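First the structure, in the form of structure tokens, and then the observations on it.
Rule-based calculations on the coordinates, nothing more; no lab input. Since we're looking at a predicted model, the values are computed, not measured. Note: ideal-geometry Cβ built from the backbone for every residue, glycine included; neighbour counts use all protein chains shown.
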Amino acid sequence: MSKTTKKFLCATLSDNRALKVNVESAFVRALPGFSIVGMANQSIQESKERIKSALMDIKYKFPAQKITVSMSPSDLQKKGSHFDLGIALLLYMQKESFTCDDFYVFGELGLDGNVKSTSSIFPIILSLASQEKFLKVIVPKDIANKINQIPNVHVFGADSLNEAIEFIKSDKDYLHVENFAYKNMIEIENKKYFYEKDFELDFIDVKGQSRVKRAMIISAAGMHNILLEGSPGCGKSMSIKRLRHIMPPMSMKEMLQSNAYNCMSGGEEELNAKRAFRNPHHSSSKPSIFGGGSSKAMAGESALAHNGILFFDEFPHFSKSVLEALREPLEDNQILISRVNSKVKYETKFLFAAAQNPCPCGNLLSSSKECRCNDLEIKRYTSRVSEPLMDRLDMYIQMSEDYESKSDKNSNEMFDSVLKAFVFQKKRGQVELNAKLSEKELQKIKNLDDASANILEKASLQFSLSHRSVHKIESIARTIADIDESNKIKKEHILEALSYRKR
């Protein structure tokens with residue numbers, strides 16, 4: 001018995017990331033047949049009929065041999081019709097001298113041999129690009145220009161199976177960008193960071209609330225979790241929805257990862273430097289927030305918000321199980337989903353933002369409306385958010401009904417302050433922003449002067465602050481000092497940081 005083998009590269013989505021798949025084919029002297037092995041799902045098994053029709057359209061004659069296509073690793077579930085083009089190329093090239101074993105090949109085949117795009121191709125390549133330094137890809141021509149935005153990816157777009165074959169034979173030039181350029185980019189310590197400055201939602205629309213805007217700058221600059229409390233209509237949700245547009249720049253890896261997650265969750269297929277903003281409804285289930293599934297663990301909102309913002313509006317109205325389960329991702333910046341068939345760990349380095357009313361009717365803090373709630377109702381409402389969870393929130397702001405004041409700052413000015421603090425942190429050699437530093441990492445850079453250390457010690461004793469609370473106050477003070485471009489944390493920095501803790 002003799003056989004010949006060829007191979008190419010592809011990938012499949014698994015647990016919100018792309019995993020490489022090696023696809024091989026073998027022609028064996030045996031009864032004619034065509035089989036695909038390696039935990040390929042129904043959409044891949046159906047590709048056999050599309051591939052046969054497409055190959056017959058270019059006058060390809062199937063040999064009187066057994067054809068086996070193997071996808072490895074064999075214990076990984078593969079899905080998607082984007083394997084069609086690569087398998088068809090393998091069969092055509094079986095008795096040819098040329099190969100495509102260093103190419104990633106993606107595309108669904110029509111019965112006439114036309115190459116079609118699928119919704120999974122763009123996020124797969126984004127995810128691969130965040131894991132590998134260089135990619136060579138063959139994709140449908142209709143998305144080649146989108147793929148071409150991604151740095152270090154050499155792209156060839158094919159309209160048809162025949163065009164892809166001609167490319168492999170002749171080794172034509174790729175579509176590619178030699179030096180990736182993004183419209184807003186800053187280079188710090190030989191590393192590039194990218195950001196947007198469109199300000200679709202602007203803080204100029206928020207009347208007054210100067211203290212809230214200051215808190216938003218600090219929260220964004222250090223990725224500090226924040227809770228806003230106030231009467232209905234005072235601007236809580238309005239402010240948090242604008243927080244996304246003043247967030248600090250992202251590294252290329254973060255940008256590729258965030259855009260891949262956005263595409264997987266139904267967002268636009270484009271490469272931009274907007275951080276994720278996830279805003280689940282308070283009726284959302286626990287698996288939808290944290291991930292889950294009966295047989296296979298799937299990512300939830302907390303994983304999709306990685307490197308961005310997770311916003312809980314009407315904070316106390318979320319179920320008790322959701323609120324208590326929020327502790328782990330806030331503390332450890334990761335979440336482990338365990339099922340019988342799979343165990344998956346997701347990173348959750350997001351900025352958590354929440355908004356709530358002070359009481360069930362919302363008028364407890366109002367200067368113009370009377371609160372209709374009794375003490376028991378207020379206590380029951382506020383106790384839905386436990387003390388251990390509150391201790392994990394860095395900043396607490398009580399908002400006033402400041403409707404008459406004029407807007408004092410716009411998003412562009414606020415972003416400039418965030419960018420200044422971001423540059424200061426990165427020049428110090430930090431990989432993570434202040435709120436995501438471990439206690440050991442923060443100890444190396446906090447640099448409190450004598451007066452601020454003395455104030456923090458007294459506050460710790462007077463207010464019975466937990467060890468976690470002290471760590472968060474130091475972290476916030478470090479961010480405030482960074483905004484002022486101060487190497488030392490001074491008295492005014494620690495006092496302002498203390499003012500953001502709920503008593």
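Taking N as the number of residues in region 385-481, what is its Cα Rg relative to 2.2 N^0.38 Å?
My calculation over the Cα atoms of region 385-481 gives 1.28.
I need the calculated FRET efficiency for the pair Asn279 and Phe199, taking r as the beta carbon distance and R₀ as 25 Å, to the nearest 0.05.
Efficiency, from the Cβ-Cβ distance: 0.85.
Using the Karplus equation 6.51 cos²θ - 1.76 cosθ + 1.60 (θ = phi - 60°), what ³J(HN,Hα) coupling, rounded to whole Hz, does each residue of region 347-364 give in order, writing x for Gly and Pro?
7, 9, 8, 10, 8, 8, 10, 9, 9, 8, 7, x, 7, x, 7, x, 9, 4
Which of Phe8, Met414, Gly113 sits farthest toward the positive end of the charge dipole of the chain, with +1 on the Cβ of Lys and Arg and -1 on the Cβ of Asp and Glu?
Farthest towards the positive pole: Phe8.
Hey, can you grab everything whose amide H is under 5 Å from the amide H of Lys116? Only 5+ residues off in sequence or another chain; H modelled, so Pro and N-termini drop out.
Glu108, Leu109, Gly110
Whole-Hz ³J(HN,Hα) for each residue in region 14-31, computed from phi via Karplus 6.51 cos²θ - 1.76 cosθ + 1.60 with θ = phi - 60°, x for glycine and proline: what do you get?
Each residue's phi maps through the Karplus curve to give 8, 6, 6, 8, 8, 10, 5, 10, 8, 10, 10, 10, 9, 9, 10, 5, 6, 4 Hz.
Using the Cα atoms of region 191-428, I'd like the radius of gyration and the largest Cα-Cα distance, Dmax, both in angstrom.
Radius of gyration, then largest Cα-Cα span, for region 191-428: 18.4, 58 Å.
Taking every alpha carbon pair in region 3-170, what does the distance histogram look like in 5 angstrom bins from 0, in percent?
Percent of pairs per bin, in order: 1, 9, 19, 23, 23, 15, 6, 2, 1, 0.
What lysines could a cross-link reach from Lys169, if we take a straight Cα to Cα line under 24 Å and drop same-chain neighbours fewer than 8 places away?
Result set, ordered by chain and number: Lys3, Lys6, Lys7, Lys48, Lys52, Lys59, Lys61, Lys95, Lys116, Lys136, Lys141.
What is the ratio of the Cα radius of gyration of region 437-503 to 2.2 N^0.38 Å, with N the residue count, to two decimals?
It is 1.00.
From the cross-link list Lys213/Lys491; Lys79/Lys436; Lys253/Lys502; Lys241/Lys440, which pairs have alpha carbons spaced over 25 Å apart?
Among Lys213/Lys491; Lys79/Lys436; Lys253/Lys502; Lys241/Lys440, the Cα-Cα distance tops 25 Å for Lys79/Lys436; Lys253/Lys502; Lys241/Lys440.
Do the sum for the chain: with -39,500 (n - 2.57) for every DSSP H run of n ≥ 4, divided by all residues, what is the mean residue ellipticity at 222 nm, to the nearest 500 deg cm²/dmol?
-10000 deg cm²/dmol
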